[in-house]
Amino acid sequence: MNRAVLVIDVQNEFFSGKFPVTYPPRSLANILAIMDNAHARAVPVVLVQHTPLAKDAQTFIKGTKEWALHDEVTKRPHDLLLQKPLPGSFTNTNLEAWLKERSIDTVVICGYMTQMCCDTTARQAAHLGFSVEFLSDATGTLQITNYAGTVPAEQLHRAILVTQAMRFSKVLSTKQWMESIAAKS
């Protein structure tokens, strides 16, 4: 099994912007631990940065502080940085080709938001024939309220994990993932 870790949208918009991630606690610390562990074991790390094409975008505006990747993420080594215009990391990017060129058959999903870009990317990866490992405590979200209603962050997060485990991904905690990688070394 050849893995790559996808660190999806760990941007300041989720810390100091309009979408502060609240659940699960310590998701950023877990993401950083995953990055460190992957690097130590020569597992490629891909940083994904949401960059909408819409000129009237209200969030993730290219060049702003909120659009920038979190400083702790950029301090760590990575093998590829790509910008994506839509929730799926494979849409209008070279991610699939990059993974295939390296014979990577498994992607590890961590980052933000659980129900949007992480979920979409995991589904895309499964549809493209990749195995997917979805990290339960290294993905995160917040309470969502819109015209359809309100969903508390914990319920939204849990619903996506259950759905991912039904068909698309192997859902693991950060600890479980690091132990499984250590066992294979």
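The values are calculated or read from the model by the stated rules, or taken from the named source; none is laboratory data. Note that the structure is predicted; figures quoted are calculated from it, not measured. Reconstructed Cβ throughout: ideal geometry from the backbone, glycine too, with neighbour counts over all protein chains shown.
The residues of the stretch 100-126 that are assigned to a helix (DSSP H, G or I) and acidic (Asp, Glu), listed by number, are GLU101, ASP119.
The set of residues from the stretch 29-73 being of a type in the set (Ser, Thr, Tyr), more than 17 Å from ASN94 (Cα to Cα) and in contact (Cβ under 8 Å) with a residue 24 or more places away in the chain comprises just one member, THR59.
Taken over the stretch 156-167, the criterion of being without any contact (Cβ under 8 Å) to a residue 24 or more places away in the chain and surrounded by 15 or more Cβ atoms within 10 Å (Cβ to Cβ) is satisfied by ARG158 alone.
Scanning for something assigned to a helix (DSSP H, G or I) and either under 14 Å from the mean Cα position of the chain (by Cα) or acidic (Asp, Glu) (or both), does the stretch 78-99 turn up at least one residue?
Yes - at least one qualifying residue is present in the stretch 78-99.
Within the stretch 74-103, the set of residues being basic (Lys, Arg), touching a residue at least 12 places away in the same chain (Cβ under 8 Å) and either surrounded by fewer than 14 Cβ atoms within 10 Å (Cβ to Cβ) or closer than 14 Å to ALA4 by Cα (or both) comprises just one member, ARG102.
Looking across ASP36, ASP79, ASP119, one residue alone is at pLDDT 95 or above, closer than 21 Å to GLU179 by Cβ and charged (D, E, K, R). It is ASP36. Taken over the stretch 131-155, residues that are surrounded by 19 or more Cβ atoms within 10 Å (Cβ to Cβ) and either hydroxyl-bearing (Ser, Thr, Tyr) or free of Cβ contacts under 8 Å to residues at least 60 places away in the same chain (or both) amount to 5.
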